[in-house]
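The values are calculated or read from the model by the stated rules, or taken from the named source; none is laboratory data. Values in this document were obtained by computation on a predicted structure and should not be read as measured data. Backbone-built Cβ (ideal geometry, glycine too); neighbour counts: all protein chains shown.
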Amino acid sequence: MSGNMTDREWQEMIKNAVDAETFPELDHDLWPRMHERLTAARPSPSRWDLLLLAAIVLLSFLFPDMLLSLLYHL
């Protein structure tokens with residue numbers, strides 16, 4: 001193709017590109033599955049997560065300057 005394309009050529013290229021894309025229809029609604037996932041019980045944090053959080057809180061009270069350092073690295 002040449003460097004100077006007419007509007008008609010652009011329209012034809014775009015039309016061919018969009019027509020080539022197939023969009024299959026779903027055979028069922030996805031909302032019930034999504035609603036189940038949203039209402040499902042979320043897992044609770046593990047003991048290690050809580051221990052790490054407690055250590056960060058304790059260290060931030062003992063060494064307040066370290067809190068800014070920790071936030072910088074997040």
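Below, the figures for the structure above:
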quantity	calculated
Among residues of the range 34-58, those that are of a type outside the set (A, V, I, L, M) and either closer than 25 Å to Leu70 by Cα or surrounded by 10 or more Cβ atoms within 10 Å (Cβ to Cβ) (or both), counted	7
Subset of the range 1-13 (residues that are modelled with pLDDT of 85 or more and either aliphatic (A, V, I, L, M) or part of a helix (DSSP H, G or I) (or both))	Asp7, Arg8, Glu9, Trp10, Gln11, Glu12, Met13
Only listed residue being in a loop (DSSP other than H, G, I, E, B) and modelled with pLDDT of 90 or more, chosen from Pro24, Pro45	Pro45
